[in-house]
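Contents: one structure, followed by commentary.
Where a number appears in this text, it was derived from the coordinates with a stated rule and is not lab data. Since the model is a prediction, treat every value here as computed from it, not as a measurement. All Cβ positions, even for glycine, are placed from backbone atoms using ideal geometry, and neighbour counts span all protein chains on display.
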Amino acid sequence: MTTDPLQNAQKRAMQYWYVDGTFEFSFGGICLILAAYFYVSHLLTDSWMGGLMMVFFILVMLGGGWLVNRLVMRMKERITFPRTGYVSFVRKTGSSRWRRALLLGSVAGIISALMTLLLANRPVGFDWMLTASGLIFGAVVTYVGFRTGATRFFVNAAISFALGIALGFANLPENLGLAVFYGLLGLGLLIVGGISLWQYLRQNPNVQSDGGDDEK
């Protein structure tokens with residue numbers, strides 16, 4: 001454990017940002033949107049509209065992500081901030097933002113290339129695409145778990161790992177397998193998030209729920 005007061009304060013701020021389960025609600029919602037997208041793609045596989053689904057993928061991701069994040073922030077404004085306050089992180093400088101964007105873009109490009117390679121060389125009897133998806137998401141959540149020190153992130157990672165491996169052996173049709181993976185992962189995340197929110201509400205009751213303007 002670091003003894004740097006600034007790093008400890010930043011870690012506590014990060015822990016607080018995730019304490020109410022909104023991380024799981026955000027990613028769980030995005031996973032359910034992806035599940036619906038891939039299921040529709042599976043149904044339209046043999047139709048001319050199936051080819052158009054890839055065109056809408058970016059729109060689905062951007063629009064769905066924006067909507068889910070808006071709903072999560074609204075939940076924080078109504079539930080979290082009135083109870084335990086608002087935390088704002090220090091904004092990155094211009095150079096830091098560009099380095100971070102370049103790193104994220106490079107990682108996304110590498111992951112996309114690997115996914116394309118796996119799809120093009122999909123072995124018979126095992127779906128490496130789903131397994132890779134489970135391992136990648138699990139690795140990202142594990143990293144967040146180490147950064148925040150919250151043990152529930154390791155539960156999220158275990159769910160992702162288990163689903164990726166199990167569905168890899170199931171070897172479902174391409175889009176159907178992705179729909180099942182993201183659907184089950186989304187439900188698992190929502191359950192973990194719901195438990196986290198329930199614990200948070202028990203530990204932090206709304207002190208203004210009985211009315212704060214009784215005195216005049």
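Here is how the numbers come out for the structure above:
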quantity: ³J(HN,Hα) computed for each position of the range 79-86 - Karplus, 6.51 cos²θ - 1.76 cosθ + 1.60, integer Hz, glycine/proline x; calculated: 10, 7, 4, x, 8, 10, x, 10
quantity: Segments 168-181, 29-42 sorted - mean Cβ within 10 Å per residue, highest first; calculated: 29-42, 168-181
quantity: Gain in span if fully extended, L62 to A162, counting 0.36 nm per residue against the direct Cα distance; calculated: 33.3 nm
quantity: For the range 64-77, Karplus couplings with θ = phi - 60° (6.51, -1.76, 1.60), whole Hz, Gly/Pro x; calculated: x, x, 4, 5, 5, 5, 5, 5, 5, 5, 5, 5, 4, 5
quantity: Förster radius 35 Å - calculated FRET efficiency between R78 and T45 (Cβ-Cβ, nearest 0.05); calculated: 0.25
